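Heads up: the structure comes next, in structure tokens.
The values are calculated or read from the model by the stated rules, or taken from the named source; none is laboratory data. Because the structure is predicted, anything quoted here is derived from the model rather than measured. For neighbour counting, all protein chains shown are included, and Cβ atoms are generated from backbone atoms with ideal geometry for every residue, glycine included.
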Amino acid sequence: MSEIFLFYLFGGLSVLMTLLMIFQTNPVASAIYLVGAFFGLAALYVLLSAPFVAVLQVLVYAGAIMVLFTFVIMLLNIRKEELVYDRVTWRKTAVVLTALFFAGFLIWHFLKIPVVPFAPVEEGFGEVHKVGRLMFSKYLIPFELTSVLLLVAIIGALVLGKKE
Amino acid sequence: MLVLILKILIPFLLIFNLLPLLIWVERKGSAYIQDRRGPNRASFFGIRLGGLLHTISDVIKLITKEDIIPAHVNKPFFILAPFLVLFVACVTYAVIPFAHPIEINGGIFTFQAADLNVGILYILAMSSLGVFGVLLAGWSSNNKYSLLGGLRSSAQMFSYEIAMGLALLSVLLLGGSLELSALIDDQTAAVWRWNFIRNPLAFILFLTAVFAEANRLPFDLPEGESELVAGYHVEYSSMKFAMFFMAEYAHMIVGSALITALFFGGWQVPFLSTEFLRTNAESGLFMVLLAHGVLFMIIGFFLLGKFKSGKYGDKRDYEVIVIGLPMTVIGLALGLYTLLHGSFQLGDMGRQVFAAVLQFGVFMAKILFFCWVFIWIRWTLPRFRYDQLMHLGWKVMIPLGLASVAGTAIVMVL
């Protein structure tokens, strides 16, 4: 009972925050609402008995990446005159309608899939030890590849930054 | 349910009652470090209590002052920012264990609000959210000084979070867990097993990073008065300003609690394990009560000895008696009661509670000591220059942190 209630509370929070983020003209406000959405998502992860992922969600996305985003947006110092709503044109309307059509199509097909209850998770699911073991045994190669990708990104950023 | 609410409420209230006291200690301590008298003017019918009343008058002043919201600020975020800062400072207490868990009717009662198995990561996540409060305050004030203060602060907290994470990682390697309670258990009561001896480098790094995270001197660049007036909270007035102020002290207490829990054995009483405390609870209680009686009497006699008629020529003369006499009487009563009563009879429950209370007291004593270290360092060291700060953060602390992690890992494997 309370789990369902919490799910709707935090799910609704994430949806609301995401919508607010999209409909803001002010980029700083958008960034802050995105953090709110991440927070709601983290709470949903906790409900899915994955506390480790939840904390990492807050720590990495909300805490680290979004701080950098906000930092950069604040440094850009965008003036009020530059912040205007997009105008509605025929072209954009057509694009949005097509997107909505496909989204509706997908949702309709998803709803047709019969609901199968999941097997209950085993003891210690989603805890740090289990996640760590999986990462360094079964998913070792993807994990290492991701690290290399991140390293490449860091070096690339350094090279681009040094150019001037 | 009620127990849970109490568990959440009691540490919270404890910390919040500590705040005004810490402000008093900060003022008085800074005064004595700078060879001054410190605050002693506020009085209540001539009773001054050595400046303690200043905190009360401060609170009344801050609550009753007009709350100004300047024109051209981004109002929702301007109001949100101080709440966010204080919120982040407060929720961190949830995972700090205050004593060894006790058993009640077969169930285990822990002295922490939430025993998360990702405890330390939770603390890191919350403290990284704290940056947003400062950033938002700086940006929404629509003021150049505030914005610069906010940007500085976020850059600084960001840089030092990495070093903090690395220092934490070496401690985690030693303890082999992310749970604070498990880390404290691992350190045991033996002082040489405490992490500040097992890994002093990580301790120094963590201490420095905590100072930077709490925006305390020598890292209080975000509010460098000489350059930025007061930094990110320059536009705030009344209780909103007070919330930033409170958050700073709350961060200090959290930082002290973390340092204690991670490096100084948390609630472990030096050399006395929980089992030892429980088996010897009866004689222990006797000794603790007797020691308190003697301590109270010593303080009381010291205060009474300072009484000199006509020293100030007003009611301040009698303050030492007003405080000294009850203390002497309490000490005398406690000591005599303990001596006359002789040995105490404690049940199984009583023994556990005695151990828990003693451990809680020791934990608080350690926390208060580190709070004092915070104040002490603030009034001893000058402020860093901004480039020095960044240099220290990125080029000194991060390599040292990596070395600490690598060293710990190698030693652990060997």
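At a glance:
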{"read-out": "Matching option when the condition is under 15 Å from B:L136 (Cα atoms), at pLDDT 85 or above and within 12 Å of chain B (Cβ to nearest Cβ), among A:L20, A:L34, A:L75, A:L68", "value": "A:L34"}
{"read-out": "Residue that is farthest from A:A64 (Cα to Cα) [pool: residues in the range B:148-163 that are within 10 Å of chain A (Cβ to nearest Cβ) and touching a Phe, Trp or Tyr at 6+ places or on another chain (Cβ under 6 Å)]", "value": "B:G150"}
{"read-out": "Residues located in the range B:111-128, provided they are at the interface with another protein chain (Cβ under 7 Å from one of its Cβ atoms), within 17 Å of B:M157 (Cβ to Cβ) and touching an Asp or Glu at 6+ places or on another chain (Cβ under 7 Å)", "value": "B:S128"}
{"read-out": "A:A94 modelled with pLDDT of 85 or more, surrounded by 10 or more Cβ atoms within 10 Å (Cβ to Cβ) and within 14 Å of another protein chain (Cβ to nearest Cβ)", "value": "no"}
{"read-out": "Residue under evaluation B:V191, criteria (1) more than 30 Å from B:P382 (Cα to Cα); (2) of a type in the set (V, I, T); (3) crowded, with 20+ Cβ neighbours inside 10 Å, criterion not met", "value": "(3)"}
{"read-out": "Set B:F286, B:F296, B:F302: member being of a type outside the set (S, T, Y), modelled with pLDDT of 80 or more, closer than 21 Å to B:A355 by Cα and touching a Gly at 6+ places or on another chain (Cβ under 9 Å)", "value": "B:F286"}
{"read-out": "When residues of the range A:46-56 are limited to those that are within 11 Å of another protein chain (Cβ to nearest Cβ) and in a helix (DSSP H, G or I), the one farthest from B:A125 (Cα to Cα)", "value": "A:V46"}
{"read-out": "Subset tally (residues that are assigned to a loop (DSSP other than H, G, I, E, B) and farther than 19 Å from B:M246 by Cβ) for the range B:204-218", "value": "1"}
{"read-out": "Selection count, the range A:105-127, where residues are surrounded by fewer than 10 Cβ atoms within 10 Å (Cβ to Cβ), assigned to a loop (DSSP other than H, G, I, E, B) and not aliphatic (A, V, I, L, M)", "value": "6"}
{"read-out": "Single residue of B:L400, B:L368, B:L389 found to be part of a helix (DSSP H, G or I), closer than 17 Å to B:F206 by Cα and modelled with pLDDT of 85 or more", "value": "B:L400"}
{"read-out": "Residue that is at pLDDT 80 or above and facing chain A (nearest Cβ under 9 Å), where the choices are B:F132, B:F78, B:F87", "value": "B:F132"}
{"read-out": "Failed condition for B:L339, given (1) touching a residue at least 24 places away in the same chain (Cβ under 8 Å); (2) within 30 Å of B:A209 (Cβ to Cβ)", "value": "(2)"}
{"read-out": "Count - residues of the range B:316-362 that are more than 26 Å from B:W267 (Cβ to Cβ) and assigned to a helix (DSSP H, G or I)", "value": "24"}
{"read-out": "Pairs where the first residue, in the range B:386-412, is under 15 Å from B:A212 (Cβ atoms) and the second is assigned to a helix (DSSP H, G or I) and among the hydroxyl-bearing types (S, T, Y), C-beta under 7 Å, 6+ apart", "value": "B:M390/B:S159; B:G393/B:S159; B:G393/B:Y160; B:W394/B:S159; B:M397/B:T208"}
{"read-out": "Residue in the range B:255-264 that is assigned to a helix (DSSP H, G or I) and more than 24 Å from B:F203 (Cα to Cα) present", "value": "no"}
{"read-out": "Given (1) farther than 16 Å from B:G130 by Cα; (2) in contact with a helix residue (DSSP H, G or I) (Cβ under 7 Å, 6 or more places away or on another chain); (3) modelled with pLDDT under 80; (4) surrounded by fewer than 20 Cβ atoms within 10 Å (Cβ to Cβ), index of the condition B:E225 fails", "value": "(2)"}
